[in-house]
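Working notes, structure below.
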Amino acid sequence: MNKINEEVFSLEAIDKTFTTYKRGQMFDGVVVIKREDGCIFNIGGKNDAYLPKEEVENYENLKIGDRFKVIILNSKNEEGMLEVSKKQADNQIIATQNAYQLKLGSKATFVVTAVSSDKYISKMGEFDIEIPLAEMSVQIKDSKRAIGRQFEGVVTEIDKNEKRIVVSIKLLESQIKQNIEELFWRSIFINKIVTGKVKKILDYGAFVIVGGVDCFVHISNLSHQRIENPGDVIKEGEEYSFKVIEVDRENKKVALSLKALQESPKSKILRELNIGETCQGEVVKILKFGALIKLDNGITGLLHIKNATGENNKQIYEIVKLDEKVCVEIIDINQEEERVAFKLISKIS
């Protein structure tokens, strides 16, 4: 009698071990029944599992007796069977294989699932991923905002026996920043046209991020017109095209210009002038080698002594006087340097 009781007790104990399935557990099993909507999958014990056909690639090729791993999704469905997933199991197997291949200094991609008092937590297959609080991205100010987000970091510690990996996101960000800066300084040069985002506006100019590097545009280089506030021309967070006007590699400084890419009022007027055209103007300055003539349209140009008289022994002040009205011919226009040259036709009495 005692033997029978012992045998009954033993069977009950074994039966209990067959029914302690938990969500997320992985089991190896075998296909025992194949249906149109999915297959019945035995993972040991009395409770069979149900695997939907969508979980199996090329389900039509699946055969009774096929063995593979699955992960428990729910304890039981309406048919009294465990619900399992082959895709999740496959993903976890691949993730575990990838974790085993990681080395110190390798990059690892993961999703943060939780945060404790001293670290962020994630999983890579069967491996636990730990990110010390001090090694989180500098962009994360609120630790709770990291949960559910994907990150990439550098492996700083591996314990394959304990299946534990320690990762630093901050270290990777530092490496990336260094690489970006090296690329920037190799490729930057004067007169290069770059695109930058306005980072901060000051009274005298603005800091602009170009290729991850802080550059500066002075207020005088924002517009051809006189402005009192840089914010009248540019806005923080907005992107603009700039021309590089100065590069100081030793001190890591780059000066930009916005107005260099804009047509100046003088340039616009110069485009309306033609060589050979005669204009009226006024002598506004006497120089050693000639005089500056300001036309009625506001353009100022040079009347060289050689273009004012044919006599070699004459001085410019002997030919024209300050504030004197003259008629001149346009003999040269330099659009790039915004210069114009005149020849004296006559003085206007």
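The values are calculated or read from the model by the stated rules, or taken from the named source; none is laboratory data. Everything quoted here is computed from the prediction, not taken from an experiment. Here the Cβ positions follow ideal geometry from the backbone for every residue, glycine too, while neighbour counts run over all protein chains shown. Remember, those area values only see protein heavy atoms, side chains included, never the ligands or the DNA or RNA. Shrake-Rupley method; radii C 1.70, N 1.55, O 1.52, S 1.80 Å.
Count of segment 103-124 residues, restricted to those that are buried (at least 18 other Cβ atoms within 10 Å of the Cβ) and assigned to a loop (DSSP other than H, G, I, E, B), is 1. Summed over segment 176-189, residues that are open to solvent by less than 80 Å² (accessible area, probe 1.4 Å) and not β-branched (Val, Ile, Thr) total 4.
Considering each of ALA206, ALA134 in turn, give the residue that is among the small types (Gly, Ala, Ser) and surrounded by 12 or more Cβ atoms within 10 Å (Cβ to Cβ).
Numbers: ALA134 fails: surrounded by 12 or more Cβ atoms within 10 Å (Cβ to Cβ).
Checking each option against the conditions leaves just ALA206.
Of all the numbered requirements in (1) modelled with pLDDT under 95; (2) assigned to a strand (DSSP E or B), LYS268 misses one, and that requirement is (2). Take GLN88 and tell me if it is closer than 30 Å to PHE127 by Cα, modelled with pLDDT of 70 or more, in contact with a strand residue (DSSP E or B) (Cβ under 6 Å, 6 or more places away or on another chain) and open to solvent by 50 Å² or more (accessible area, probe 1.4 Å). Yes. Residue count for segment 6-42 satisfying the condition of being at pLDDT below 85, of a type in the set (A, V, I, L, M) and surrounded by 16 or more Cβ atoms within 10 Å (Cβ to Cβ): 0. Here segment 299-333 is the region considered, the condition is being touching a helix residue (DSSP H, G or I) at 6+ places or on another chain (Cβ under 9 Å), open to solvent by less than 40 Å² (accessible area, probe 1.4 Å) and in a loop (DSSP other than H, G, I, E, B), and the residue that is farthest from VAL283 (Cα to Cα) is THR309.
If the requirement is being of a type in the set (Ser, Thr, Tyr) and open to solvent by 20 Å² or more (accessible area, probe 1.4 Å), which of these qualifies: SER223, SER257? It would help to see each step written out before you state the result.
Numbers: SER257 fails: open to solvent by 20 Å² or more (accessible area, probe 1.4 Å).
Being of a type in the set (Ser, Thr, Tyr) and open to solvent by 20 Å² or more (accessible area, probe 1.4 Å) holds for just one of SER223, SER257, which is SER223.
Quick check on segment 275-294. Is at least one of its residues more than 26 Å from ILE234 (Cα to Cα), of a type in the set (S, T, N, Q), outside any strand (DSSP E or B) and in contact (Cβ under 8 Å) with a residue 12 or more places away in the chain? For segment 275-294, residues more than 26 Å from ILE234 (Cα to Cα), of a type in the set (S, T, N, Q), outside any strand (DSSP E or B) and in contact (Cβ under 8 Å) with a residue 12 or more places away in the chain: absent.
Would you point out the residue of segment 190-203, among those that are in a strand (DSSP E or B) and either open to solvent by 60 Å² or more (accessible area, probe 1.4 Å) or touching a Lys or Arg at 6+ places or on another chain (Cβ under 7 Å) (or both), that is nearest to GLU246 (Cα to Cα)? Full working, then the answer.
Residues of segment 190-203 in a strand (DSSP E or B): 193-202.
Okay, now just the ones that are also either open to solvent by 60 Å² or more (accessible area, probe 1.4 Å) or touching a Lys or Arg at 6+ places or on another chain (Cβ under 7 Å) (or both), so 193, 195, 197-200.
On the way: ILE193: 12, THR195: 16, LYS197: 18, VAL198: 18, LYS199: 19, LYS200: 20 Å.
Ranking the qualifying residues of segment 190-203, first place goes to ILE193.
Could you give every pair whose Cβ atoms fall below 9 Å, whose first residue belongs to segment 232-255 and is without any contact (Cβ under 8 Å) to a residue 24 or more places away in the chain and more than 17 Å from GLY212 (Cβ to Cβ), and whose second residue is open to solvent by less than 50 Å² (accessible area, probe 1.4 Å) and part of a strand (DSSP E or B), counting only separations of at least 6 or pairs across chains? Within 9 Å, the pairs are ASP248/VAL254; ASP248/ALA255. Taking the listed residues VAL154, VAL166, the one that is assigned to a strand (DSSP E or B), over 30 Å from VAL31 (Cβ atoms) and without any contact (Cβ under 8 Å) to a residue 40 or more places away in the chain is VAL166, with no other qualifying.
Does any residue of segment 69-76 turn out to be small (Gly, Ala, Ser), within 30 Å of THR156 (Cβ to Cβ) and either open to solvent by 50 Å² or more (accessible area, probe 1.4 Å) or assigned to a loop (DSSP other than H, G, I, E, B) (or both)? Break it down into steps so the answer makes sense when it comes.
We begin by selecting, within segment 69-76, every residue small (Gly, Ala, Ser); these are 75.
Next cut, within 30 Å of THR156 (Cβ to Cβ) only: none.
Within segment 69-76, none of the residues are small (Gly, Ala, Ser), within 30 Å of THR156 (Cβ to Cβ) and either open to solvent by 50 Å² or more (accessible area, probe 1.4 Å) or assigned to a loop (DSSP other than H, G, I, E, B) (or both).
Within segment 253-264, one or more residues are touching a helix residue (DSSP H, G or I) at 6+ places or on another chain (Cβ under 7 Å) and part of a loop (DSSP other than H, G, I, E, B).
Name the residue that is farthest from GLU277 (Cα to Cα), counting only residues in segment 334-349 that are open to solvent by 50 Å² or more (accessible area, probe 1.4 Å) and touching an Asp or Glu at 6+ places or on another chain (Cβ under 7 Å). Of everything passing the filter in segment 334-349, LYS347 is farthest from GLU277 (Cα to Cα). Screening ILE227, ILE234 for residues that are in a loop (DSSP other than H, G, I, E, B), within 30 Å of VAL198 (Cα to Cα) and touching a Phe, Trp or Tyr at 6+ places or on another chain (Cβ under 9 Å) leaves exactly one candidate, ILE234.
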